[in-house]
Amino acid sequence: MQTDSEATVQARAIALLPLIVFLTIFLGSGIYHSLIGTEFAFYQVKAPVAALPAIILAALVYRGKLNQGIEEFLRGASHPNLILMFMVFMLAGAFASVSSAIGSVDATVQMGLSVIPPTFILPMLFVISAFIATAMGTSMGTIAACAPIAFGFTQVTDIDVIYAIGAVVGGAMFGDNLSMISDTTIAATTSQRVQLRDKFRVNVWIAVPASIVTILIYVLSTGSSNAVEYKDFNWLLVLPYIAVFILAFSRLHVLAVLTIGVLLSGLFGLFATAEFDLLKLNTSIYDGFVGMFEVALLSMFLGGLSAIMQREGGLRWLIERIYSLTRLFKVGKQRAGEIGISFLVVFSNIFVANNTVAIILSGDMAREVAKEYGVDPKRSAALMDIFSCVVQGLIPYGAQLLLACSIAKISPVELIGGVYYCWILAIFAIAAIAFRFPQIKANA
């Protein structure tokens, strides 16, 4: 349902300009420095600083008084979803920092090496991340728990960090897409007015084959890895990660899971590591906070930017243009409708950098497209969720890649090509539109 304020928003293309400016500065700088051979090319211009000109431009584009524009920005930056994201960033950083300081990451990696051949490390990372994300309903908590372990494996094997972290992000997006308690699933089914189980029955026939192909690629791509000797490890130091994995399946809130992880890591470190004391625990937690500050600040900046673009009609303009384009597709009525629905959520996600918000923003228009073109609401809900997860797992300024890359100390742009699952899922989703599968029974 549209609110009164949403219904009266005038579509304006110029309202999209601030985000375009941000992407031009951030990505343009990285590409330029890559071409001239600068190391860490995409770190030369800090993303939050690149966002400042875009924020200033957004304030100028805003048609009300300057103070009102600032208030609109602050409302967007302080949205409950962004505050949750901020807290996840902070606690994930603290958990990763404390776990690393006490040797928990190293111990967990050595335990993994003792039971898992190198050939199966990437498939294992993907499958475990997928299971945890499906149970938790959140990709962020999954990445926070699994990315440090993936990064640890790359330090003692010949597996490239891009592929290890990409496996975690891919598995996290698989779970985010299919989980019955995921925000995206709830948003997609609610907006299209279908049952969760009905959307799942369509979604699973696209996502599961994509995941199987992804696993096979990981197995084949690491088939020549050499055996790695593992070192002795303290089982006590592995327990914080085991506890976090178990708690993830309990459907406990992600903030509670990460907080318990930090506390357990600190307690086990104090008991099992002689040189680790309360002062070092304090320092490790704070270092974790500092390490995540840049991505947390950027997320809040982009949240405020998104609020102004939405308020000024930028997203409304985009959605209306895509809706108009669906009438030009000469590929059959239902296929044209499904292509239009997919474009609606893809471009919404690119501009808001949040898959749940993208589904909510484009949901009403997608439902109208589905009705006009005879698209089954189950398919439209599944396609919205799938393509939003594809985009969210690939955009370098989205929370998932920012979190994963902060843990692994790599550029989000570098990671894009390593998230195999999202690319493969996109191919399967396009094939599902082209070949009209899975077929939906009328009484399903």
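The values are calculated or read from the model by the stated rules, or taken from the named source; none is laboratory data. The structure presented is a predicted model; accordingly, all values stated were derived computationally and were not measured. Positions of Cβ are backbone-derived with ideal geometry, glycine not excepted, and every protein chain shown enters the neighbour counts. Keep in mind that these areas ignore ligands, DNA and RNA; they rest on the heavy atoms of the full protein, side chains included. Shrake-Rupley method; radii C 1.70, N 1.55, O 1.52, S 1.80 Å.
Some points to look at:
- Test result for SER250, at pLDDT below 80, open to solvent by 60 Å² or more (accessible area, probe 1.4 Å) and among the hydroxyl-bearing types (Ser, Thr, Tyr): yes
- Selection from the range 141-175 of residues that are under 14 Å from the mean Cα position of the chain (by Cα) and open to solvent by 10 Å² or more (accessible area, probe 1.4 Å): PHE174
- Summed over the range 143-181, the residues that are modelled with pLDDT under 85 and among the β-branched types (Val, Ile, Thr) give a count of 3.
- Residue list for the range 102-134, restricted to those being open to solvent by 20 Å² or more (accessible area, probe 1.4 Å), part of a helix (DSSP H, G or I) and of a type in the set (A, V, I, L, M): MET111, VAL115, MET124, VAL127, ILE128
- Any chance GLY363 is in contact with a Phe, Trp or Tyr (Cβ under 6 Å, 6 or more places away or on another chain), part of a helix (DSSP H, G or I), touching a residue at least 12 places away in the same chain (Cβ under 8 Å) and farther than 25 Å from VAL21 by Cα: no
- Matching entry among ARG335, ARG316, ARG321 (being assigned to a helix (DSSP H, G or I), open to solvent by 40 Å² or more (accessible area, probe 1.4 Å) and within 30 Å of PHE86 (Cα to Cα)): ARG316
- Among the residues of the range 189-222, those identified as closer than 30 Å to THR157 by Cβ and under 22 Å from the mean Cα position of the chain (by Cα) are ALA207, VAL208, PRO209, ALA210, SER211, ILE212, VAL213, THR214, ILE215, ILE217, TYR218.
- Selection of first residues in the range 393-412 that are in contact (Cβ under 8 Å) with a residue 12 or more places away in the chain and of second residues that are open to solvent by 10 Å² or more (accessible area, probe 1.4 Å) and of a type in the set (Phe, Trp, Tyr), restricted to Cβ pairs under 6 Å at least 6 apart or on distinct chains, gives the following pairs, ordered by first then second residue: ALA408/PHE151; SER411/PHE42.
- All conditions but one from (1) part of a helix (DSSP H, G or I); (2) closer than 27 Å to ASP160 by Cα; (3) open to solvent by less than 30 Å² (accessible area, probe 1.4 Å) apply to ILE416; the one that does not is (3).
- Subset of the range 289-313 (residues that are buried (at least 23 other Cβ atoms within 10 Å of the Cβ) and not in a helix (DSSP H, G or I)): GLU312
- For the range 3-43, filtered to residues that are open to solvent by less than 90 Å² (accessible area, probe 1.4 Å) and part of a loop (DSSP other than H, G, I, E, B), the residue that is modelled with the lowest pLDDT is THR3.
- If only residues of the range 369-384 that are over 26 Å from the mean Cα position of the chain (by Cα), in contact (Cβ under 8 Å) with a residue 24 or more places away in the chain and assigned to a helix (DSSP H, G or I) are counted, the one that is surrounded by the fewest Cβ atoms within 10 Å (Cβ to Cβ) is GLU372.
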